[in-house]
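Below is one structure; the comments refer to it alone.
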Amino acid sequence: MKVILQADVKNIGKKGEIVEVADGYGRNFLLPKKLALPANSENVNVAKAQAGAKARKDAMAVDEAKLMAAQLEKVEVEIPVRIGENGRLFGAVTGKDVAEALKKKNIDVDRRKITIRGEVVGEGLYEAIVKVHPNISTTIKIHVKKE
């Protein structure tokens, strides 16, 4: 029996896929729980249209991410930190600090998508990797300076 999945089903497929399943499984489990629709010609056409719309939406998201990545490459942020007598930091510089510095420049980036390259041990210039999209990332420069 061919069905069009309406939700991700473990070991079967992802939402929108047309898959072949056992008749009993489709008739007694997938269809009553609204996890799938029968793959008749009308439903297949609707599924193909939805897949095309999803592909266009994904392409737009990738284009926007590339544009944002290009803009972020030019950004440099300064992060003031407390430094002790021997030049060591009090605490650490994290993605949260970088996200707050970016927010001051009206750039909104989730702190969980920022990773600092290497370890920040004192004043200086460092790089952070910002993951704009699952496949697209960019680097920004971070100036760590004494407060």
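The values are calculated or read from the model by the stated rules, or taken from the named source; none is laboratory data. If you're wondering where the values come from, they're calculated on a predicted model, not measured in any experiment. Positions of Cβ are backbone-derived with ideal geometry, glycine not excepted, and every protein chain shown enters the neighbour counts. Calculation scope for accessible area: heavy atoms of the full protein, side chains included, ligands and nucleic acids excluded. Shrake-Rupley method; radii C 1.70, N 1.55, O 1.52, S 1.80 Å.
Criterion first (open to solvent by 50 Å² or more (accessible area, probe 1.4 Å) and over 30 Å from ILE136 (Cα atoms)) does LYS54 satisfy it? In short, no. Scanning segment 9-44 for residues that are within 23 Å of ALA55 (Cα to Cα), open to solvent by less than 60 Å² (accessible area, probe 1.4 Å) and part of a helix (DSSP H, G or I) turns up ASN43, VAL44. Within segment 67-123, being part of a strand (DSSP E or B), more than 25 Å from PRO134 (Cα to Cα) and in contact with a Gly (Cβ under 9 Å, 6 or more places away or on another chain) holds for VAL81, ILE83, LEU89. Of ALA92, ALA61, all but one fail to be under 23 Å from VAL121 (Cβ atoms) and either open to solvent by 40 Å² or more (accessible area, probe 1.4 Å) or assigned by the TED database to the domain that holds ASP8 (or both); the exception is ALA92.
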